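The values are calculated or read from the model by the stated rules, or taken from the named source; none is laboratory data. Worth saying up front: this structure is predicted, and the values here are computed from it rather than measured. Heads up: the accessible areas ignore ligands, DNA and RNA and are worked out on the full protein's heavy atoms, side chains in. Shrake-Rupley method; radii C 1.70, N 1.55, O 1.52, S 1.80 Å.
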Amino acid sequence: MDPTARPAAASPQVDAVVVGAGFSGLYQLHRLRELGLRTRVFEACDDIGGTWYRNRYPGARCDVESTAYSYSFSPELDQEWEWSERYAAQPEILRYLHHVADRFGLRRDITLNTRVTRAVYDEAGHVWEVSTDTGETVTARFVVLASGCVSAVNDPDIPGLGTFAGAVHHTADWPAGGVDLAGRRVGVIGTGCSGVQAVPVIAAEAAELTVFQRTPVYALPAHNRPLAAAEIAEIKARYPEFRAAQRLSRGGTVFAPPTKSALEADDAERAAAYEAAWDSGVLSGLLRTYTDILVDEAANETVAAFVRSKIRSIVADPATAEALSPRTFPFATKRPCLDTGFYAAFNEPHVTLVDLARTPIEEVTPKGVRTAGREYLLDVLVLATGFDALTGSQVAVDIVGKGGTTLREKWADGPRNLLGLVSAGFPNLFTVIGPLSPSVLSNAVFSIEQHVEWITDCIAHLRRAGATEIDATPRAEDDWCAHVADLAAGTLYPAAASWYMGANVPGKPRVFLAYTGGADRYRAECDAVARDGYRGFVLS
Ligand code: N01
């Protein structure tokens, strides 16, 4: 026998395993099926939907317009689905995903109630051995982590949390049947996008609402509204043109790029531009006014001051308005929130803001929350404390690559990969909207489609070429990581202790986790890499 001969690749049980059945996993399944791949999708929950299944908290809705926050791959789907509101609420988005699953016959390859716990690469056979918490093991040539970028829940380590006698619910793990809050004393910890959306809706139901805020946010009005029949007809007529423009866009929404610095405009011009953006109800509206909001501190401060003036105009009590006003980080370096009544809720007599910067939480007691100031008595505690974003859902799986190295070990100082898609030493393992890609800085559905299509084309290429393995080269990976870090360093993003930086999870390395160069530039780079025969990757 020739000792240099490579062993033949083993025949896996399936061609691909996809982890997660949310927006990413459903589309990945559809595309791999079109390629003729035998594919299994494992979903930990008892239903499909991912983020839009688990985040059932009161007030949950998208913050990119639904007509753009939806799949673009099927013109028929665009024509047949009808969004009822500008920003659809969680139940409607979940219904949409169910419709997609039915329309494209996806359910038969999805196994629910099954969490992927471990994936081990067999170097000789070029296959992944994937294990689940139900005791199943399946071998697959390819694995796609479609497990979400804001999905691993961040449970806060607050002393005494386990002693609370009332109910505790995380916004990202909200009971399917809802929670009866009528007449109850409710506490909400956290004022990120989840808290901002939940607070006014909970306030409308609860007898008393106490909001525990560690850091104030910049929240902009959504101006959400029902979509009229004429408007829907117009959107549908323009859909092909809109989707084509969206594909080339910087972040998955279509707008004319700014041309001027905020500092070149005079006060009146800036005020008019900011008022128009505020009135537009578009999350990125203020960012799009001038070229330098995210790169120049002085330019950024003009927007930050404008938002603070709006907060003062809405919140009646000056001390509460000041406590709600962000002053410790530049505008948009933490994700701004889209608000429907958040600030106004604090004008209600039964809603109280507790500024944890002044009086930190000391402990949760059986009766409520005790801060340095006093004890707040509660029946229900809502944790709107966010996620171990971008890397959490991947390192939650025990992934063992070449040489027995685990992804967890490799990423101990921060995520490393090429194009956000493949981490060197973990061949044939792809990630959808994970770290070091535009991901959370873009319209998620739009970036999901771009990733899924790139991954599908890559697998098709491998099959055509008779190759069984693709891996990133360490050199190309180093270059990509350095490029992503350089781009981030040229912005104001690192100035905030945000979840973009991993700062919200104790012990998580501080690395800027997303690609800030724009989804248009990113797509061009991904396409160029593929065109150049998968430059930076090794195919074997
Ligand atoms: O989570 P967050 P989120 N004690 O991390 C506080 C997407 N999303 O679920 O800022 C006290 O932003 C924490 O305080 P601080 C979207 O991408 C989208 O709200 O760390 N407080 C913060 O106030 C979004 O950005 C939508 O000082 C504690 C809050 O909890 C992302 O998900 C809706 C604490 C967490 O805010 C995350 O948003 C919802 C502690 N121990 C979410 N630990 C849409 O609209 C944390 N906090 C589409």
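Some values worked out for this structure:
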| quantity | calculated |
| --- | --- |
| D_trans [Stokes-Einstein, Kirkwood Rh over alpha-carbon pairs] for the range 369-424, 37 °C, 0.692 mPa s, µm² s⁻¹ | 224 µm²/s |
| Cα convex hull of the range 355-398, projected area averaged across orientations, nm² | 4.8 nm² |
| Angle in degrees between helix 444-465 and the longest Cα principal axis of the chain, rounded to the nearest 10 | 0 degrees |
| Using alpha-carbon coordinates, inclination of helix 474-489 to the longest axis of the chain, degrees | 20 degrees |
| Stretch gain in nm, segment HIS99-ASP532, where the contour uses 0.36 nm per residue and the Cα spacing is subtracted | 152.1 nm |
| 16 Å Cα-Cα reach of LYS410 towards lysines, excluding residues that sit fewer than 8 places from it in its own chain | LYS402, LYS508 |
| For the range 407-501, convex hull volume per residue from C-alpha positions, Å³ | 103 Å³ |
| Alpha-carbon radius of gyration plus Dmax, which is the widest Cα pair, for the range 64-169 in Å | 19.5, 54 |
| Residues whose placed amide H lies under 5 Å from that of THR117, excluding near-sequence neighbours | SER131, THR132, ASP133 |
| For the range 265-414, Kirkwood radius (reciprocal of mean inverse C-alpha pair distance, Å) | 19.2 Å |
| Histogram of C-alpha separations across the range 480-540, 5 Å bin width, % | 4, 16, 20, 19, 15, 11, 9, 4, 0 |
| For the range 149-264, diffusion coefficient by Stokes-Einstein and Kirkwood Rh (Cα), 37 °C, 0.692 mPa s, µm²/s | 175 µm²/s |
| Calculated P(r) tail over 34 Å for the chain, as whole % of Cα pairs | 40 percent |
| Angstrom value of the Kirkwood radius, inverse mean 1/r, which spans all Cα pairs in the range 198-325 | 17.4 Å |
| Accessible area per residue in Å² at 1.4 Å probe, computed on the range 191-328 | 46 Å² |
| Residue-normalised accessible area of the range 395-540, expressed per residue, 1.4 Å probe, Å² | 35 Å² |
| Fraction of accessible area attributable to carbon and sulfur, the chain (%, probe 1.4 Å) | 52 percent |
| Cα-based helix-to-principal-axis angle, 267-280 vs the chain, degrees rounded to 10 | 70 degrees |
